[in-house]
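Colleague: I am attaching a structure below and will ask some questions about it afterwards.
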Amino acid sequence: MTVEIAVQLVVASVVLSLTYSLLAIGMTVIFGIMDIINFAHGDFFMLGAYATFFLLGNWGVNFFLTLIVVMALLGMFGMVVEKVAFYRLRKEPLYGLIVAMGLSIVIRSSIHLTMGPQDRFVAAPYRAIFAVLGTSFSLEKLLPALVALALTIGSILFIQYTKAGKMMRAVSQDPDAAMLHGISIGATRLITFAIASSLAGAAGALIATLQPISPSMGLDPLIKGFAIIVIGGMGSISGAVVGSLLMGFLDGVLSFYIGSTGSTLLAFGFFIAILAIRPKGFLGRG
Amino acid sequence: MAKNRFTQVPIPLILGIVLFLVPLFLRSQYHLHILIWMCVLVMLVSGLRLLYMTGQISFAHAGFTAIGAYVSALLVLKGGLSFWAAMPLAGVVSGVVSLLVGYPTLRTKGVYFFMATFSFGIIVMLIVATYWQETLGGYTGLTEIPPPDSIAIPGFTTIDFVGKIPFYYLALILATVCTVIMYRFNRSRTGMILKSIRQADSLTESSGINVMRYKMIAFTVACFFAGVAGSFLAHYFHAIGPETFTFDLSVSLVIYMLVGGRASISGPIVGVFVLTVLAEVFRSMGGAGLELLFYGLALIVFVTFLPEGLTALPSQARSWVTRLKG
């Protein structure tokens with residue numbers, strides 16, 4: 001284990017952590033406000049990656065412009081999904097989950113039918129290598145990591161300080177009291193979904209240059225996202241962030257030792273254990 | 001029309017006779033295969049339904065089927081056992097594993113149980129694909145699994161498991177036995193307790209009934225049948241691997257169950273029949289992808305508009321009519 005390898009592992013972990021945090025924040029916020037576990041979240045991520053494949057890969061659109069467009073598209077798509085599929089299912093969270101599963105299947109098979117199952121690739125738009133303190137970093141990985149960091153911080157600030165963010169937190173804490181204060185639950189749900197899905201789309205866009213794109217690429221991040229929010233606490237954003245760091249470390253560093261299957265199994269093991277012992281997680285509400 | 005014993009018995013009996021005679025006039029191997037697959041599905045979905053009577057939905061059923069399949073295949077391939085011994089053993093192993101999985105997880109609420117089972121299903125497949133590749137076969141899985149041993153009926157004939165027809169009858173018998181057992185369960189005291197758990201579990205518990213015990217019973221029985229079904233599949237397909245028992249299979253089992261409904265034991269049969277027929281229609285139009293798309297849509301539509309399934313339609317219709325009348 002040389003310094004060189006260690007640094008690369010840390011960099012890999014950081015990239016993974018930040019990407020996961022984009023997904024996890026979205027998932028935890030959806031759960032906190034709507035009591036829905038969005039099983040289709042991984043597929044929003046996948047759609048973001050495919051959109052990037054077209055915009056950046058095929059049509060050569062500027063990377064940052066692509067990112068903005070993908071986020072906007074996924075945000076709108078998320079709002080449509082919320083309106084059409086979920087709004088009827090407030091009462092029984094298990095049914096909401098099942099609808100989300102159906103949605104995931106529909107999205108995945110639509111992409112499978114139209115795009116085919118083969119992997120797609122997008123070349124990274126900016127390439128450079130930095131040598132810092134004797135080790136080298138590639139811009140390919142650094143740029144997505146920085147953008148993901150910016151988006152994560154941005155969404156935390158948004159939820160903390162903007163009016164919409166306060167609406168979201170109010171509904172998450174006490175929907176009835178929020179209604180009494182004139183907050184529209186329907187609008188809050190829409191905003192929540194829009195933000196969560198655009199973050200997922202962004203994550204997809206950022207990852208698109210780093211790994212192959214396929215219709216079922218969203219399943220693995222979805223599962224890890226689940227594990228993250230359950231361990232960190234469902235509904236808790238700080239939990240999502242902390243959990244993402246843990247998961248990124250697990251995936252990046254431990255994979256080196258026990259293989260990626262091993263680290264997935266470990267994550268699952270944790271996940272089931274926590275579900276059995278303390279389903280709300282460590283930092284969650286309740 | 002009142003449901004009494006006289007109207008209930010003939011319909012299943014007629015159905016049974018028809019199904020029994022099918023191979024006489026159905027020549028297409030492909031259609032026989034579909035019928036066999038439907039019988040296996042009925043076994044699997046009936047178990048899911050039993051568990052759903054307590055309000056829990058398991059997404060691990062493909063995993064338990066896989067356990068049964070691998071256990072049976074290994075017992076026959078490496079252990080030299082006869083299929084007829086391996087099949088019940090496979091069911092037992094599956095049942096025992098379900099006890100271990102169910103004990104910590106069944107006590108949680110529906111949503112968390114879902115997540116635990118869905119993880120478990122995936123864990124099983126990951127382990128099977130990655131570890132002990134010598135024994136378990138890795139990604140390619142186990143191949144050249146022999147068919148069940150021939151049954152010799154002294155003085156009459158020997159039944160060899162060559163071609164689809166013997167498998168068809170075996171599947172039919174298994175599915176029938178399973179359904180009959182479910183029927184007895186439904187009518188028994190245990191069945192009524194299961195129903196009451198779904199409706200009001202705290203009330204049931206305060207009546208002095210150990211809710212967990214009954215949930216575990218339902219779960220274990222369901223997984224036993226999953227193991228038996230898995231064993232059948234292993235020796236019918238002659239080859240199994242991680243790709244045979246995917247998460248998508250678990251999901252489709254739940255879809256069959258929800259479409260059919262849990263109101264009666266015919267729910268699984270109705271669900272399996274309706275969806276399989278429709279899926280075949282879609283498959284002939286657009287291939288496997290379209291079939292999957294259709295499943296996803298069916299799931300969304302049914303959970304949104306008809307969560308109790310098709311078999312609940314008669315009672316739904318009755319209550320609408322009553323409401324319209326007065």
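The values are calculated or read from the model by the stated rules, or taken from the named source; none is laboratory data. Given the structure is predicted, the values throughout are model-derived calculations rather than measurements. All Cβ positions, glycine included, derive from the backbone under ideal geometry; neighbour counts span all protein chains shown. Side chains are part of the model used for accessible areas, which takes the heavy atoms of the whole protein and leaves out ligands, DNA and RNA. Shrake-Rupley method; radii C 1.70, N 1.55, O 1.52, S 1.80 Å.
Colleague: Run lengths n ≥ 4 of DSSP H only: what is the helix-derived mean residue ellipticity at 222 nm for the protein assembly as shown, with -39500 (n - 2.57) per run over all residues, to the nearest 500?
Modeller: Rounded to the nearest 500, it is -24000 deg cm²/dmol.
Colleague: Here's a follow-up. With the cut-off at 1.5 for a/c, could you classify the protein assembly as shown from its C-alpha gyration tensor as rounded, prolate or oblate?
Modeller: prolate
Colleague: Using a 1.4 angstrom probe, figure out how much accessible area the stretch B:21-135 has per residue, in square angstrom, rounded to the nearest whole.
Modeller: Per-residue accessible area for the stretch B:21-135 comes out at 35 Å².
Colleague: Another question about this same structure. Can you give me the Cα centroid spacing of the stretch A:60-130 and the stretch B:155-183 in angstrom?
Modeller: 46
Colleague: Mind checking how much accessible area A and B bury in total, 1.4 Å probe, in Å² rounded to 100? Mind dumping the intermediate values first?
Modeller: Values: alone 13550 and 16800 Å², together 27090 Å².
About 3300 Å² of accessible surface is lost on pairing.
Colleague: Please list, in order along the stretch B:91-98, the HN-Hα scalar couplings obtained from phi with the Karplus expression 6.51 cos²θ - 1.76 cosθ + 1.60 (θ = phi - 60°), rounded to whole Hz, x for Gly and Pro.
Modeller: With coefficients 6.51, -1.76 and 1.60, one gets x, 5, 4, 4, x, 5, 4, 5 Hz.
Colleague: Let me make sure I get this right: for the stretch A:133-209, a, b and c are the square roots of the gyration tensor eigenvalues over alpha carbons, sorted descending. Under 1.5 in a/c it's rounded, otherwise prolate if a/b > b/c, else oblate. Which is it?
Modeller: Taking the square roots of the gyration eigenvalues as a ≥ b ≥ c, the stretch A:133-209 is prolate.
Colleague: Averaged over peptide B:291-299, how many Cβ atoms belonging to another chain are found within 10 Å of each residue's Cβ?
Modeller: For peptide B:291-299, the averaged partner shielding equals 6.
Colleague: Right, another one. Could you check the simple spin-label distance between B:Ile11 and B:Gln29, using points 7 Å along Cα→Cβ, in nm with one decimal?
Modeller: In this crude spin-label approximation the distance works out to 3.6 nm.
Colleague: Using a probe of 1.4 angstrom, how much of the accessible area of the stretch B:208-320 is carbon and sulfur, in percent?
Modeller: Of the solvent-accessible surface of the stretch B:208-320, carbon and sulfur hold 71 percent.
Colleague: Counting heavy atoms of the protein chains only and a 1.4 Å probe, report the per residue accessible area for the stretch B:210-304 as a whole number of Å².
Modeller: The answer is 31 Å² per residue.
Colleague: Zone of A:Ala187 (label point 7 Å along Cα→Cβ, backbone N under 17 Å): which residues in the stretch A:65-80?
Modeller: Label zone hits: A:79.
Colleague: Oh, and also: Give me the count of lysine pairs in chain A whose alpha carbons sit under 22 angstrom apart, restricted to pairs 8 or more positions apart or on different chains.
Modeller: The result is 6.
Colleague: Another question about this same structure. Show me, for the stretch B:163-170, the HN-Hα J-couplings you get by feeding each phi into the Karplus relation (A = 6.51, B = -1.76, C = 1.60, θ = phi - 60°), rounded to Hz, glycine and proline as x.
Modeller: Result, ordered by residue: x, 7, 4, x, 5, 4, 5, 4 Hz.
Colleague: Could you give the size of the charge dipole of the protein assembly as shown about its Cα centre, using +1 on the Cβ of each K and R and -1 on the Cβ of each D and E, expressed in debye and rounded to the nearest 20?
Modeller: The calculation lands at about 2000 debye.
Colleague: Under the rule a/c < 1.5 gives rounded, and otherwise a/b versus b/c splits prolate from oblate, where does the stretch A:30-185 land using the Cα gyration tensor?
Modeller: Oblate is the answer for the stretch A:30-185, as a/c is 1.5 or above yet b/c matches or exceeds a/b.
Colleague: With θ taken as phi - 60° and the coefficients 6.51, -1.76 and 1.60, list the Karplus ³J(HN,Hα) couplings across the stretch B:253-267 in order, rounded to whole Hz; mark glycine and proline as x.
Modeller: For the stretch B:253-267, the Karplus-derived couplings read 4, 5, 4, 4, 5, 5, 5, x, x, 9, 4, 9, 5, 7, x Hz, x marking Gly and Pro.
Colleague: Right, next: Can you tell me the order of A:53-66, A:199-212 when each peptide is scored by its average per-residue count of other Cβ atoms within 10 angstrom, highest first? The partial results should precede the final answer.
Modeller: On the way: A:53-66: 16.1, A:199-212: 26.0.
Answer by packing, highest mean first, reads A:199-212, A:53-66.
Colleague: Rounded to whole Å, give me the distance from the Cα center of the stretch A:177-253 to that of the stretch B:108-140.
Modeller: Computed from Cα coordinates, the inter-centre distance equals 24 Å.
Colleague: Using only alpha carbon pairs under 8 Å that are at least six residues apart, calculate the relative contact order of chain B and give it in whole percent.
Modeller: That works out to 29 percent.
Colleague: Could you name the aspartates and glutamates in cross-link range of B:Lys164, using Cα to Cα under 15 Å and dropping any fewer than eight places away on the same chain?
Modeller: Result set, ordered by chain and number: B:Asp149.
Colleague: In nm, to one decimal, how far is the modelled label at A:Ala128 from the one at B:Met212, with both set 7 Å along Cα→Cβ?
Modeller: In this crude spin-label approximation the distance works out to 6.1 nm.
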